[in-house]
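Let me begin by presenting the structure, written as structure tokens, before commenting on it.
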Ligand code: XMP
């Protein structure tokens, strides 16, 4: 297992992902983790991340020097390398020229075990992002490579297993970075790559059994990837001791309740309490047009219904949630080391205190791709595992303004056609999120010999890595034409379709 100490770089999470992609377990902790805690974590290797500070600044984040005496291989990245140099008596200075973006690394000495294969004809393209650089390396270290701008960009002390790189091997812009991290964790640290979907499932199953014993667990199943994978994992561990509650709020996609029930209740034999609450939700939303009020109403009503169902299961001692690692890192602020806050996944996090349920979060160490991989391994349908994200309030925020059943029915049908066409044309997997939006305005059209006066459907498709920024997907005209034709011909009540060409920012992904 690998320990990553975080000095606040925007790329730290990517280091963890690259290590996990090498099938090696790792955890991300704040740089001020106690030495004792580091020892008891028993890492096979330590990676020091980059960070925004300068090592020579007053109060710059640091680590106990004993960390380098533990006999554990260390790889310092950017700030991490500078910290290592500073500790061993090298010199770090502000660079004459800040280096940001692509750069070419030139090999200087012998590459050594970590950098073997990193260079082609003595060169390697890398991604840089730094304002300081190492001017003088400490005794015992040799310089492996530099750029025209920064003479020291890769260093090693092979005898002590200490390595440093100024560039960022964790980002995709460093093409051979992945190999470097792989070599560090496997060859240098000796990790055997057992963090595979099968092994993750086996470990998780054992842990859930240990935690839960003979007690009962409830889980709010939404049909989304995280709660679905959590449900099937927990079911594999404790079978009938798990009860899922699936609330149909009337704002789900076409065929979704049926699909969830077929997958879980019928095929997997999971106990699912199905609550048809469409009328309750629509009644609560009547006359409400404000997006944030709609979100609140939907969230609160979900908690009420979930609570009603939970009290009917008096044995339940555990509440399971599909919290995943990015939620933990983001909400905790791994940098501050503050206590974790719970993701309000489907707002179940907001259950009243008196219910006194203990939290079971079997996915809290996993990245989304790992969650998907174990979902497939557990036998969940491919389409369910690779579905685009769907917001908790569902179609409630895709029907602009007041929500009505008539609107929801129209939107469901238009959305189903859109998504079906995206699958057929092979676009679905290239798009990060796609959906239809219902606009409650009527415009004039003509169909056959008659004049029509009907609603508008807007289509949205975006590409994004992190959902914080997104660009609209360049859908080919012929696909747009086919989708528009089908929606207007097949969905009664719609006579006009538009395609959203706004990026985020300044638009958001959802329309509300
Ligand atoms: P925006 O619209 O903020 O969306 O650009 C970013 C991502 O978040 C999802 N989203 C939500 N998810 N509850 C959720 O569970 C919500 O209220 C909500 N609002 C937006 C959105 O679908 C996109 O993936």
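Nothing in this text is a laboratory measurement; each read-out follows from the coordinates by a stated rule. Note that the structure is predicted; figures quoted are calculated from it, not measured. In this analysis, Cβ positions are derived from the backbone assuming ideal geometry, glycine residues included, and neighbour counts consider all displayed protein chains.
Of the residues 488, 238, 200, the one with the fewest other Cβ atoms within 10 Å heads the list, and the complete ranking is 488, 238, 200.
The residues 87, 133, when put in order of fewest to most other Cβ atoms within 10 Å, stand as 87, 133. What shape does the stretch 2-188 take by its C-alpha gyration tensor, where a ≥ b ≥ c are the square roots of the eigenvalues and a/c under 1.5 counts as rounded, a/b above b/c as prolate, and the rest as oblate? The shape class here is rounded.
Let me make sure I get this right: for the chain, a, b and c are the square roots of the gyration tensor eigenvalues over alpha carbons, sorted descending. Under 1.5 in a/c it's rounded, otherwise prolate if a/b > b/c, else oblate. Which is it? Judged from the Cα gyration tensor, the chain comes out prolate (a/c at least 1.5, a/b above b/c).
Rounded to the nearest 10 degrees, the angle from helix 477-490 to the longest Cα principal axis of the chain is 30 degrees.
Computed on the stretch 397-499, with alpha-carbon pairs under 8 angstrom and 6+ residues apart, the relative contact order is 28 percent. When only Cα pairs below 8 angstrom with a gap of at least 6 residues are kept, the chain shows a relative contact order of 11 percent.
For the chain, the share of DSSP beta bridges that are antiparallel, to the nearest 5, is 50%. Between residue 205 and residue 32, the contour length at 0.36 nm per residue exceeds the alpha carbon distance by 59.1 nm. Cβ crowding within 10 Å, taken as a proxy for footprinting-reagent exposure, orders 29, 382 from fewest neighbours to most as 382, 29. Taking every DSSP bridge with both residues inside the stretch 360-512, close to 75 percent are antiparallel. So what is the relative contact order of the stretch 47-101, in percent, for Cα pairs below 8 Å that sit 6 or more residues apart? After rounding, I find 41 percent. The gain in end-to-end length when the residue 293 to residue 469 segment is fully stretched comes to 60.9 nm, 0.36 nm per residue minus the alpha carbon separation. Extension gain for residue 106 to residue 139 (0.36 nm times residue separation, less C-alpha to C-alpha distance): 9.7 nm. Once the Cβ-Cβ distance of residue 240 and residue 280 is raised to the sixth power relative to R0 = 22 Å, the FRET efficiency obtained is 0.15.
With a ≥ b ≥ c the root eigenvalues of the C-alpha gyration tensor of the stretch 383-512, is it rounded (a/c under 1.5), prolate (a/b larger than b/c) or oblate?
It comes out prolate by the Cα gyration axes.
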